[in-house]
Amino acid sequence: MSQQFHGVGVTPGRVVGRVRQMPAPVWEPHAQVDIPAGVTAESEAERIRAASKAVQAELKARAAATAGDARGVLEATALMAADPMLVKGAVKLLDPAGDGGPRTAERAVWESGAAVAERLRGLGGYMAERAADVLDVRSRIVAELRGLPAPGIPVSDTPFILAAEDLAPADTATLDPARVIALITSGGGPQSHTAILARALGLPAVVAAEGVDRIEDGTEVYVDGAAGRVTTEPGPAEADAARAWATQSATLAQFAGDSRLADGHPVPLLANVGTGKDAAAAAAAGAEGVGLLRTEFCFLDRDTEPTIAEQVEAYGAVFAQFPHKKVVIRTLDAGADKPLPFLTNADEPNPALGVRGYRTDRTTPGVLARQLEAIAAAEAEHDADVWVMAPMIATAEEAAAFTEMARDAGLKTAGVMVEVPSAALTASHVLAHADFASLGTNDLTQYAMAADRMLGPLAALNDPWQPAVLKLIKATCDGADEAALATGTAKPVGVCGEAAADPALAVVLVGLGVTTLSMSPRALAGVAAVLATVTVADAQRLAAQALAAPSAQAARDTARAHLPILDKLGL
Ligand code: PEP
Ligand code: MG
């Protein structure tokens, strides 16, 4: 009998395929086990050598079949599988008279891997970063010794739908979008690693769909990434929908730039980027500029503050991709889900409510001023129209202090992110100082709903269609209008949270008064296609209806019911 699983759709797309489950993580072998009769140190050593060779051969074969950055990652991992420190170290530990007594091959590999990783960490810098790779290889050898599938993304000659509880960032390097045609997870929320990865790759995905991690390997399912639905035993209707999507998705991959509503009203569509490489991809995808450069993404692997020269280079690489176009650069948003050791305190009991974003200027003064100096220096070297903004602004005083600092650094357009409800509710005062606002709907939703954005079980609360969130967005746009009247200067309000990438919500946002939308480049064409079917008056009507809805589901349903194009395009 056909079974349905309901979750949160994070990337649109309709596909039919067979499920492959992500293998379970490798558990630590017990230290105290009775070594069975007939098993000797020599026979265990032989098993270790054979397992290490098998893992190396498997990784080499995968590297040969892989292109791009992932190939290098796999080749390096293959070398590590035969690393004498790891393998000989494990064999040495098997000596029954040695330190700690006899061990199984699995336990010896586990301990040896831990010791090598520890040594690498002690060396610091680049070597320390290899510790995680050694632990990955260790897990692979232990899985091989147990006769279990290797951890990580399954290998398959035929395309498949990857099912998991959730994906770790380390799983993502080897995910090949030509093989994995959709992602479905029982855990994770709309901001989980799975969701972020799926959006970046444009893979249809459903998260927080309880039970999908128990679907048997090889089962055929239909995934509707827009509706957030997974169905087993798909019939002819699902097969037709998947076929139609295959043709449409090619069209939806093309964004021509210059996004406009049906009445010609422009709604520039910008890209969210983290690095120069992302920016190059965004420019190639037709983005009309950058609406959010997450500068902390340039330095996530750093435990010390980057120098001004390093920052100038990193930001300049983004500016260079968008000559004469707008690039909104955000100052470091360290903290909570994006800790930076040189700015954040790992011991805070409640990091999302802690010293993060702009607030770090209180505890670590100097870093922000140097960053603004670097941004101004990078701007001077390029032709991009650079706008700067601070994350996590909560009050008009903070907006005034930040914009003054930015102007002192020589930056002409200084604004704030509105992602704390207090800033939305006092937008007219905030925007009396700031030149513009950018709504960070990811955090605005988590703070309005008091629901951690990373948690799968809270996904339904963490929904930007929630009436409370829509009201905060409206309050921000109204506050911006008031500030514009009072100051005689336009105060544009953009959206750079994930909400902008939902084509139905994009229409509502425009109707609420938002002037630009920034998103993952993959979402540009779909959003543009839907915006092109409505006028400003249509968008305003839909916004009023969504705003009056009693629940997130009702708001979404009302808007979608008036946008038949969504169903036609499978969005
Ligand atoms: C947001 O909060 O919506 C946002 C865009 O910022 P980040 O996701 O980086 O916190
Ligand atoms: Mg945020």
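Could you tell me how many of the residues in region 526-571 are farther than 22 Å from Arg229 by Cα, among the small types (Gly, Ala, Ser) and surrounded by 21 or more Cβ atoms within 10 Å (Cβ to Cβ)?
Start the filter on region 526-571 by keeping residues that are farther than 22 Å from Arg229 by Cα, which leaves 528-529, 531-550.
From what is left, the residues that are among the small types (Gly, Ala, Ser) are 528-529, 532, 537, 539, 543-544, 546, 548-549.
Filter once more, so that each one left must be surrounded by 21 or more Cβ atoms within 10 Å (Cβ to Cβ): 528-529, 539, 543, 546.
Going through region 526-571 one residue at a time, the tally reaches 5.
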Taking into account only those residues within region 295-342 that are in a strand (DSSP E or B) and modelled with pLDDT of 95 or more, which is surrounded by the most Cβ atoms within 10 Å (Cβ to Cβ)? Val327
Restricted to region 389-416, and to residues that are more than 16 Å from ligand 2 (Cβ to nearest atom) and within 12 Å of Arg330 (Cβ to Cβ), which residue is farthest from the chain's Cα centre (by Cα)? Ala406
Qualifying positions in region 438-467 - in contact with a Ser or Thr (Cβ under 8 Å, 6 or more places away or on another chain), in contact (Cβ under 8 Å) with a residue 40 or more places away in the chain, more than 12 Å from ligand 2 (Cβ to nearest atom) and aliphatic (A, V, I, L, M): Met454
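Could you pull out the residue among Leu461, Leu470, Leu444 that is surrounded by fewer than 21 Cβ atoms within 10 Å (Cβ to Cβ) and touching a helix residue (DSSP H, G or I) at 6+ places or on another chain (Cβ under 9 Å)? Steps first, answer last, please.
Numbers: Leu470 fails: surrounded by fewer than 21 Cβ atoms within 10 Å (Cβ to Cβ); Leu444 fails: surrounded by fewer than 21 Cβ atoms within 10 Å (Cβ to Cβ).
The unique qualifying residue is Leu461.
In this structure, is Leu472 within 13 Å of ligand 1 (Cβ to nearest atom) and among the aliphatic types (A, V, I, L, M)? Break it down into steps so the answer makes sense when it comes.
Details: within 13 Å of ligand 1 (Cβ to nearest atom): yes; among the aliphatic types (A, V, I, L, M): yes.
The answer is yes for Leu472.
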Residue list for region 1-41, restricted to those being in contact with a Pro (Cβ under 7 Å, 6 or more places away or on another chain), part of a strand (DSSP E or B) and over 25 Å from Lys568 (Cα atoms): Arg20
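Across region 298-351, which residue is nearest to Ala132 (Cα to Cα) among those that are polar (S, T, N, Q) and touching a residue at least 12 places away in the same chain (Cβ under 8 Å)?
As a first pass, look at region 298-351 and keep what is polar (S, T, N, Q): 304, 307, 311, 321, 331, 344-345, 350.
Next cut, touching a residue at least 12 places away in the same chain (Cβ under 8 Å) only: 304, 311, 321, 331, 344-345.
Details: Thr304: 20, Gln311: 26, Gln321: 33, Thr331: 29, Thr344: 22, Asn345: 22 Å.
My answer is Thr304.
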Condition check for Ala271: within 16 Å of ligand 1 (Cβ to nearest atom) and either among the hydroxyl-bearing types (Ser, Thr, Tyr) or part of a strand (DSSP E or B) (or both): yes
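I need the full set of residues from region 468-479 which are within 29 Å of the chain's Cα centre (by Cα) and more than 16 Å from ligand 2 (Cβ to nearest atom), in order please. Steps first, please.
Start the filter on region 468-479 by keeping residues that are within 29 Å of the chain's Cα centre (by Cα), which leaves 468-477.
Ala468, Leu470, Lys471, Lys474, Ala475, Cys477 - these are the residues of region 468-479 that are within 29 Å of the chain's Cα centre (by Cα) and more than 16 Å from ligand 2 (Cβ to nearest atom).
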What pairs come up if the first residue lies in region 362-376 and is closer than 16 Å to Ile393 by Cα, the second is among the charged types (D, E, K, R), and their beta carbons are under 6 Å apart, counting only those six or more places apart or on different chains? Leu368/Asp361
Counting only residues in region 102-147 that are under 19 Å from Ala76 (Cβ atoms) and of a type in the set (Asp, Glu), the one surrounded by the most Cβ atoms within 10 Å (Cβ to Cβ) is identified as Glu144
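From Arg138, Arg71, which residue is within 30 Å of Arg18 (Cβ to Cβ) and within 34 Å of the chain's Cα centre (by Cα)?
Numbers: Arg138 fails: within 30 Å of Arg18 (Cβ to Cβ).
Matching residue, one of Arg138, Arg71: Arg71.
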Can you find a residue in region 513-522 that is hydroxyl-bearing (Ser, Thr, Tyr), within 20 Å of His265 (Cβ to Cβ) and surrounded by 24 or more Cβ atoms within 10 Å (Cβ to Cβ)? yes
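Hey, among Pro365, Pro351, which residue is assigned by TED's automatic domain parsing to the domain that holds Lys491, out of contact with any Phe, Trp or Tyr (no Cβ under 6 Å at 6 or more places or on another chain), on the phi < 0 side of the Ramachandran plot and within 15 Å of ligand 1 (Cβ to nearest atom)?
Values: Pro365 fails: within 15 Å of ligand 1 (Cβ to nearest atom).
After ruling out the rest, the residue left standing is Pro351.
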Conditions (1) in a helix (DSSP H, G or I); (2) of a type in the set (A, V, I, L, M, F, W, C); (3) within 16 Å of ligand 2 (Cβ to nearest atom); number of the one not met by Ala484: (3)
Restricting to region 422-437, name every residue that is more than 15 Å from Tyr358 (Cα to Cα) and either within 13 Å of ligand 2 (Cβ to nearest atom) or of a type in the set (A, V, I, L, M, F, W, C) (or both). Ala424, Leu425, Ala427, Leu431, Ala432, Phe436
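The values are calculated or read from the model by the stated rules, or taken from the named source; none is laboratory data. Small disclaimer: the values here were computed from a predicted structure and weren't measured. As a convention, Cβ positions derive from the backbone with ideal geometry for all residues, glycine included, and neighbour counts pool all protein chains shown.
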